[in-house]
Amino acid sequence: MYEQLKLSNQLCFPLYVCSKEIVRRYKPYLDEIDLTYTQYIAMMVFWEKGEMNVKELGETLFLDSGTLTPVLKKLEAKGYISRERSKKDERNLIVKITDEGEALQEKCAGIPAKVGSCLKLSADEAKTLHSLLLKVESQFD
């Protein structure tokens, strides 16, 4: 057996498991407000930015338009965002948060702490992990 092919020697596998399990921990809280994890992270961008074109949103979330379009359609149907063509360049679709979308932020404010409490990490460990993950993520831009 090649050592480099052992699952226990892979960096990708614990990253995969942790990502999958963290998203699973979000599910009960997001179910209460009828959001998927992908809808939730999109809303986080809109709470921060207010509006953005679809291309920029895809780049921010590392999602392609095939994944993003149905997410945005569902968020629009729920009244959280609006989509409209740019008046300057009709090829650009601008997505804006609505008042209902802004109001949703209050319902979501406690979710990060609830999910974070399932991790048995000290504040310093969490900060180090976050820093390392951002370092790895920055290599994919």
Notebook entry, point to check: Being over 21 Å from HIS130 (Cβ atoms), assigned to a helix (DSSP H, G or I) and open to solvent by less than 50 Å² (accessible area, probe 1.4 Å), is that true of even one residue in region 77-94?
Noted result: no
Item checked: Tally, over region 116-128, of residues that are modelled with pLDDT of 95 or more and either open to solvent by less than 90 Å² (accessible area, probe 1.4 Å) or hydroxyl-bearing (Ser, Thr, Tyr) (or both) -> 1
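Evaluate region 64-76: report whether one residue or more is in contact (Cβ under 8 Å) with a residue 60 or more places away in the chain, surrounded by 14 or more Cβ atoms within 10 Å (Cβ to Cβ) and more than 23 Å from SER19 (Cα to Cα).
No, every residue in region 64-76 fails to be in contact (Cβ under 8 Å) with a residue 60 or more places away in the chain, surrounded by 14 or more Cβ atoms within 10 Å (Cβ to Cβ) and more than 23 Å from SER19 (Cα to Cα).
Please verify whether region 22-31 includes one or more residues that are open to solvent by less than 80 Å² (accessible area, probe 1.4 Å) and assigned to a strand (DSSP E or B).
No, region 22-31 has no match at all.
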Next item on the list: For GLY50, state whether it is touching a strand residue (DSSP E or B) at 6+ places or on another chain (Cβ under 7 Å) and within 25 Å of THR98 (Cβ to Cβ).
Entry: yes
Notebook entry, point to check: Inside region 58-76, can you point out the residues that are of a type outside the set (A, V, I, L, M) and not in a helix (DSSP H, G or I)?
Noted result: PHE62, ASP64
Margin query: For region 96-114, check the following and say yes or no: at least one residue is open to solvent by less than 50 Å² (accessible area, probe 1.4 Å), more than 22 Å from ARG24 (Cα to Cα) and not in a helix (DSSP H, G or I).
Written below: yes
Next item on the list: Go through region 33-57 and count every residue that is outside any helix (DSSP H, G or I), open to solvent by less than 30 Å² (accessible area, probe 1.4 Å) and within 12 Å of LYS74 (Cα to Cα).
Entry: 1
Margin query: Which pairs turn up if I take residues in region 97-117 that are closer than 19 Å to SER19 by Cβ and in contact (Cβ under 8 Å) with a residue 40 or more places away in the chain and look for partners that are open to solvent by less than 40 Å² (accessible area, probe 1.4 Å) and not hydrophobic (A, V, I, L, M, F, W, C) with beta carbon separation below 8 Å, at least 6 apart in sequence or on another chain?
Written below: ILE111/TYR26; ILE111/TYR40; VAL115/TYR26
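The values are calculated or read from the model by the stated rules, or taken from the named source; none is laboratory data. In this text the structure is predicted, and so the values were computed from the model without any measurement. Reconstructed Cβ throughout: ideal geometry from the backbone, glycine too, with neighbour counts over all protein chains shown. Keep in mind that these areas ignore ligands, DNA and RNA; they rest on the heavy atoms of the full protein, side chains included. Shrake-Rupley method; radii C 1.70, N 1.55, O 1.52, S 1.80 Å.
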